[in-house]
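Notes follow once the structure below has been shown.
Nothing in this text is a laboratory measurement; each read-out follows from the coordinates by a stated rule. Being a predicted model, the structure only gives us computed values, none of them experimental. For neighbour counting, all protein chains shown are included, and Cβ atoms are generated from backbone atoms with ideal geometry for every residue, glycine included.
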Amino acid sequence: MRVTQNITNSNFIRYINQHAENLLKTQRQIASQKRINKSSDDPIGMGQVLGYRTNLAATDQYQENIEQGKTRLEFNEATLELASDLVNTARRLAADYSGSTLSVGERQSVAFQVKGLYDQVMQMANSKFNGNYIFSGHATDTAPFSHVGDFNAAYNGDDGKLRIMVSDNVEVNIVADGRNIFQNAANGGVNIFDELKNLIDGLENPDPVAGSAQIKATINPLQDGRDQINSRRSENAPVLYRLQATDEYLTNLRPKVEEAMAKLEQADITKAVVELQNLELAYETTIATAGRIIQPSLLDFLR
Amino acid sequence: MTTIPGLLSIGSKALMAQQKGINVTGNNIANVNTPGYSRQRLNMSSDVPIMTGNGLMGSGVTANKVERVYQRFLGVQINNETQSLGQWEAHKDALERVEMIFDESGGYGLNQVMSEFWNAWQDLTNNPSGSVERTVLVAKSEMLTATFSKNYEDLQKIQRDIDWNIEGAVAEINRLSENMVDLNQKIIQVESGGHMANDYRDQRDLVLKELSELIDIDSFEDANGGVTVSVGSGQALVEGTHTYKLSTQVNASGHQDVTWVDSSGNTLIINNNISKGKLKGWLDARDVDIENSLNKLDTLAQNLMTEVNSLHATGYGLDGSTGNDFFTGTASAAGIQVNALIANDINLISAADGIDKPGDNGNAIAIANLQEALTMNGNTATFSAYYDSMVSDAGLAVQQATSYYDHQSQMVLQVENYRESISGVSIDEEAVNLIKYQNAYQAAAKLITTADEMMETVLAMI
């Protein structure tokens, strides 16, 4: 085949371009530490990487939700613990001062104490978390309990639950219905506020004998009321457990997803550097050959 | 005859012939880097012999034609392969620009913006009456709609740039046709006198190649040496010494159509009849690939808007209102907007399932769950899966166009090398020829000197 300078030249240009392009591509991988710098580097891989990214972002969010749920439960627990203690104190007062031989003055001062306990229990029931009432169901802007008249408590909230998204289409509910905890007489439980009111009434009853009977009548209900609160507290335990278990699952899942993503996306730097060296060698030998071949011609040798 | 003047005549004819040979060699050397040049050769033959007393005796050399070393079929092949090369080059370049728009490798594309949008809804479920959460949700939603429009507009910009390229190519085609006509005229003129118009033919072949890169053409040479070029489904571009023009006109979608203008000024749209060349690559990228991507973006935006709005309207805002759309505007990627009423009053965001329930996050949960719902592709894919496959597809298209382009440019190189090996100038070869003709010239000069000396000897005898 007849070979002219133009053939040699254009072939060399093409080879050099190819080598330079490969070098550029490998350089980019090393600089960005990524194997996939454009979708066309690995289209299917790119699609998968995007899927993993969405996954990770969602996982982070679920864990954030769970975290808030746990904090809320802890707050619930602390609040109800206090409330339970207050009701217990009231019960003890009832037990201690149920005798009919107390003086009016003594009974007045105990009544005063119990009134204080009543307000404190109501205060606990009306706790706020993050600006929202926690025992008002969905009516989080309305205090769940209020005095109607003297020590007649009314519930102003509803029975809504706090719903937490913990996973794809999976929710965990936290009970937020204050009635459930403090005024559950309708379901065979105890209306704590009413019992406290009864205690106050008994202590303030001018007739000591009738008053004493009233007081005695509140001792067991108050005990049941305290148990009711603790019962609600313990119902939160499985919820907390579920939140923690899901959190742990997500925490374990994350590195696996990250690893899968890294396998697809990350450049193997060692491999890339070795390849870079190979390409450099190829490039240099090509241009060295070019230098030797395209220069000489017959004219150099004619006299 | 065998006279001294006869000798002189042989010598002078030889001188002139060898000199022409050097001329042709010189022309070849000068044109070694001229694109499209085919090396020329001087055809020499021995002159008509003369009958003498001793039988036929030769009467020297005569230079015949200067002929072009050229294989016609190679020219046709080169043009064909160049047509495909132009097509894939233009297609690949346009697709690479589309790929850049969907560049998610840095991380701030539609994939991330959509994730943040859904996460903002989830944050709202944790505190449905919270003004911080609501404000953030509005901000993330506005980023989402802005990203949609930006991607859409960027794609449209590529389409407009392609329109520019098409207009430029059409102008170039017209210029090349004019060139062609000019060359046709010159060739016809020269060859009607019986000579070969080698250089003009080379230039005309080059024009044909440049035309092939832009648009697929059919060409054939007629009897008097002129070339007819036709495009599309047979519309003539160049007919001997007459040329027709191509033009562009704006079509219903606002883009340029390629038209052919006949002798009465009527235009014929030839988009569908162009099958190769850069014009085809550009038209395909603009009307098929990019349109496809635009439609998919629209579908994504539309479905998102519909799904979110239909849930949002059934919920209740903090102010008790219901039936509000979350997104307004036309249901398209460019038109989707966050409802201005909501942007001005975040209480309208309906997180609740019931009225006057600030702690109710039911509707917000329902909307947040849309992230994983199968809402696209006939209920088989999520929003993000749909988008992710768009990104994949863009990459696949580039991969494919690149591999066609690489393959094709290898083909073109090979065919051109083959042509070059037949018609190309080799400096070494021409150097040898130079010496060849120079020696012959010197020998012929010596012949004349010898004849001259013989004449002098004869004259001295008188």
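Tabulated values for the structure
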read-out	value
Candidates A:Y249, A:Y155, A:Y15, ranked by Gaussian network fluctuation over chain A, Cα under 10 Å, top entry	A:Y15
Other-chain or far-sequence residues with amide H under 5 Å of B:T248's (modelled H)	B:T259
Shielding of B:302-311 by partner chains, average beta-carbon count, 10 Å	0
Whole-Hz couplings from phi, Karplus 6.51/-1.76/1.60, listed for the stretch B:381-388; x for Gly and Pro	9, 7, 4, 6, 5, 4, 5, 4
Long pairs among A:K34/A:K271; B:K157/B:K280; B:K92/B:K157; B:K276/B:K296; B:K245/B:K280; B:K92/B:K140, criterion Cα-Cα beyond 23 Å	B:K276/B:K296; B:K92/B:K140
Sorted by Cβ density within 10 Å, fewest first, the residues B:D298, B:D360, A:D119, A:D150	A:D150, A:D119, B:D298, B:D360
Most mobile listed residue (A:E64, A:E106, A:E195) in chain A, GNM with C-alpha springs under 10 Å	A:E106
Backbone HN-Hα couplings from phi across the stretch B:326-343 [Karplus 6.51/-1.76/1.60, Hz, Gly and Pro as x]	7, 10, 10, x, 5, 6, 8, 5, 7, x, 5, 9, 6, 3, 4, 4, 6, 4
Peptide B:421-434 - average C-beta neighbours from other chains (10 Å radius)	4
Helix axis angle, A:269-294 relative to chain A longest principal axis, alpha carbon, degrees	20
Three-way shape label, the protein assembly as shown, alpha-carbon gyration tensor, a/c 1.5	prolate
Candidate lysines - alpha carbon under 22 Å from B:K13, same-chain residues fewer than 8 apart omitted	B:K65, B:K436, B:K446
Pairwise centroid distance, computed over Cα atoms, of the stretch B:1-75 with the stretch B:84-159, Å	73
Semi-axes of the equivalent ellipsoid for the stretch A:140-235, Cα gyration tensor, largest first, Å	34, 15, 7
18 Å Cα-Cα reach of B:K357 towards lysines, excluding residues that sit fewer than 8 places from it in its own chain	A:K128, A:K161
Selection from B:G21, A:Y283, A:I219 lying farthest towards where the dipole of the protein assembly as shown points positive, charges on Cβ	B:G21
Size of charge dipole - the protein assembly as shown - debye, nearest 20, with Cβ of Lys, Arg +1 and Asp, Glu -1, no other charges	2100
Relative contact order computed over chain B (Cα-Cα under 8 Å; 6+ residues apart), in percent	23
Nonlocal amide H pairs with B:V61, under 5 Å, H built at 1.01 Å	B:A14, B:D47
Tensor-based shape of the stretch A:246-303 (alpha-carbon gyration tensor, a/c under 1.5 rounded, otherwise prolate or oblate)	prolate
Phi to ³J(HN,Hα) by Karplus 6.51 cos²θ - 1.76 cosθ + 1.60 over the stretch B:64-71, Hz, x for Gly, Pro	8, 8, 8, 10, 8, 8, 7, 10
Prolate/oblate/rounded call for chain B, Cα gyration tensor, a/c under 1.5 rounded	prolate
Surface/4 of the Cα convex hull for the stretch A:53-260, nm²	12.7
